[in-house]
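Just so it is clear, none of the values below were taken in a lab; they were calculated from the coordinates. Values in this document were obtained by computation on a predicted structure and should not be read as measured data. Reconstructed Cβ throughout: ideal geometry from the backbone, glycine too, with neighbour counts over all protein chains shown.
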Amino acid sequence: MDEFLNKHGWGQATRAGMTPDWSPRQYWRLAKNGGETAILLKGPEPELAGHGLAEFVDMAGVLRKAGLSAPTVYAQDLPHKLLLIEDFGDTPIDTPAIEAEAYAAAVDVLAKYRTIKADVVTYKDGYIFKKLALFSDDPRWMDAWAEAEAALPPAPQVFSHMDYKAGNLHWLPKRAGMARIGILDFQAAQIAPFTYDIVNLLEDARRNLDADLKAQLKARFKAALPPEWQAIFDDWYVFMAAQFHARVLGQIRGNPRVAADVAPRLEAYLATELKHPALAPVSGFFG
């Protein structure tokens with residue numbers, strides 16, 4: 001690590017460790033005497049699905065080409081799992097003073113996401129969907145989801161971030177329009193149902209979004225869709241929300257790093273979502 005930083009002119013910078021949330025990656029904020037900052041990112045060893053640094057570099061380029069704000073990669077040493085990247089600061093979009101404006105801009109970014117073409121795995125073939133099986137050992141569990149989905153109209157499949165939550169979206173007020181959203185943790189991007197990312201954003205496992213603000217943002221997202229997508233939006237929103245929350249419940253079971261309020265929040269979300277008739281095939285798996 002020292003050799004990497006020295007080689008790229010950051011060897012004398014101060015280093016401050018950053019909280020990695022649930023991530024297996026490690027982060028440090030580097031600061032030079034003149035005030036210049038950068039982020040040092042170290043990937044997990046061995047590499048884990050969804051955390052590849054080569055994918056981070058590739059997707060950062062895809063997003064910037066689309067006019068969105070992904071960090072500039074200043075230097076990389078992929079064999080040693082090291083990246084030196086642009087610092088987007090410490091203002092996530094759920095910061096109270098800018099929350100309404102920032103969340104609205106984040107919703108608008110998703111309209112741009114729908115236009116992106118990238119060679120990434122599809123949702124059903126990726127590791128994220130497979131983790132849904134962690135919720136239940138019952139062999140009928142995954143079949144029940146397939147039955148519920150089969151009763152819905154087919155969902156348009158679009159380029160999706162797959163972890164589109166407030167902690168991965170930072171406010172960059174000196175930029176304009178959608179570029180004010182600094183996007184992080186996008187390396188696991190997939191082609192997924194068109195409601196996947198908006199569900200991640202508004203039905204956050206880590207916090208309860210104000211109900212009025214959530215309704216406004218949901219309506220904003222829906223209004224930007226083609227009419228034929230709007231017609232199926234509500235059903236696909238609740239379907240993906242329930243699937244997302246069930247998967248996360250399965251993933252966090254027994255994990256001491258997860259805050260105590262997360263599981264009860266997910267269970268409360270599911271209690272509402274499972275009332276939807278489209279979810280009848282899976283409702284019996286919940287107490």
Anisotropy class of the stretch 45-135 from Cα gyration tensor, a/c 1.5 cut: oblate
Yeah, the stretch 163-234 with a ≥ b ≥ c from its alpha-carbon gyration tensor (a/c under 1.5 is rounded, else prolate when a/b outruns b/c, oblate otherwise) is rounded
What ranking of Lys112, Lys117 emerges when the number of other C-beta atoms within 10 Å of each C-beta is taken as an exposure proxy, fewest first? Lys117, Lys112
Evaluate the distance, in nm, between pseudo-label points positioned 7 Å from the Cα of Thr19 and of Asp87 along their respective Cα→Cβ axes. 1.9 nm
What number, rounded to the nearest 500 deg cm²/dmol, is the helix-based mean residue ellipticity at 222 nm of the chain, given -39500 (n - 2.57) per DSSP H run of at least four residues and division by all its residues? -11500 deg cm²/dmol
With angles folded into 0 to 90 degrees, how steeply does helix 140-150 sit against the dominant principal axis of the chain? Use alpha carbons for both and round to 10. 80 degrees
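So for the stretch 2-85, averaging the separation of alpha carbon pairs under 8 Å that are six or more residues apart and normalising by length, what relative contact order in percent results? Write out the running numbers ahead of the final one.
Details: 115 pairs, mean separation 18.8, N = 84.
22 percent.
Cut-off is 10 Å between beta-carbons; in what order do Arg247, Arg114 appear when sorted fewest neighbours first?
Details: Arg247 19, Arg114 16.
Least to most surrounded, the residues fall as Arg114, Arg247.
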What does the convex hull of the Cα atoms come to per residue for the chain, in Å³? 142 Å³
Cα pair distances of the stretch 128-190 binned at 10 Å [whole percent]: 17, 30, 29, 16, 7, 0
Pair Val258, Thr115: separation of 7 Å Cα→Cβ label points (nm): 3.7 nm
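Could you tell me what percent of the DSSP beta bridges with both partners in the chain are antiparallel, to the nearest 5?
95 percent
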Compute the distribution of all C-alpha to C-alpha distances in the stretch 2-85, in bins of 10 Å from 0, and list the percent of pairs in each, rounded to whole numbers. 17, 47, 33, 3
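Order these by the 10 Å Cβ neighbour count, fewest first: Ser69, Ser283, Ser160.
Details: Ser69 22, Ser283 16, Ser160 27.
By the 10 Å Cβ count, ascending: Ser283, Ser69, Ser160.
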Once amide H atoms are placed 1.01 Å from N in the peptide plane, what residues at a sequence separation of 5 or more from Tyr74, or on another chain, have their amide H within under 5 Å of its amide H? Leu84, Ile85, Glu86
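Quote to one decimal, in nm, the extra length available between Ala219 and Ala280 on full extension: 0.36 nm per residue of separation minus the C-alpha distance between them.
Numbers: separation 61, 0.36 × 61 = 21.96 nm, distance 2.55 nm.
The Ala219-Ala280 span can extend by a further 19.4 nm.
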Using the Cα gyration tensor of the stretch 139-287, with a ≥ b ≥ c the square roots of its eigenvalues, what is the shape: rounded (a/c below 1.5), prolate (a/b larger than b/c) or oblate (neither)? oblate
Between the stretch 271-287 and the stretch 56-112, what's the alpha-carbon centroid distance in Å? 35 Å
